[in-house]
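The values are calculated or read from the model by the stated rules, or taken from the named source; none is laboratory data. Computed from a predicted structure; not experimentally measured. All Cβ positions, even for glycine, are placed from backbone atoms using ideal geometry, and neighbour counts span all protein chains on display. Calculation scope for accessible area: heavy atoms of the full protein, side chains included, ligands and nucleic acids excluded. Shrake-Rupley method; radii C 1.70, N 1.55, O 1.52, S 1.80 Å.
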Amino acid sequence: MSDDRWLDEDAGPIFRPYTVTRGRTRLRDDSLNLISLLEATGLPVPRRTRLDPEHRRVLAVCAEPITFADLSSEIDLPVGVVRVIVDDLREENLLRVLRPTPTGDVPDELVLRKLLHGLRAL
């Protein structure tokens, strides 16, 4: 049994999420949700910007578009921590949120009303 109070046998280091976010918990832009699609911009990292390994890992995973939920699962960090990292990278213009647009034919109101009527008739 360890006397180390900074290590939880099951959870690992208890201070890590706080240090990864540099103590920040609030976001500059709170428009991010679990189904937001993220993609790295491909721009070079500004010289004044210090990226931690977690930031670099997020950029690597986001080389191809990925949902926020899948990103959080992929890098195995708490969602709150990933939100702060994504917010940092968006602030530096290294990551963007893609807004999905509908493709193909979108049914009009008449079609939807007929479908609803048919479902009610069942």
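Backbone amide hydrogens, once placed in the peptide plane, bring Thr67 within less than 5 Å of Leu38, excluding anything fewer than 5 places away on its chain. Evaluating 6.51 cos²θ - 1.76 cosθ + 1.60 at θ = phi - 60° for every residue in the range 39-49, the Karplus couplings come out as 8, 5, 7, x, 6, x, 6, x, 4, 6, 8 Hz, glycine and proline recorded as x. Just the protein heavy atoms count here, and of the accessible area of the range 41-93 at 1.4 Å, carbon and sulfur take up 48 percent.
In nanometres, what is the gap between the two model label sites at Arg48 and Glu74, each 7 Å from Cα along Cα-to-Cβ? That separation, rounded to one decimal, is 3.0 nm.
Counting 0.36 nm for each residue step from Val111 to Ala63 and taking away their Cα separation leaves a gain of 13.4 nm.
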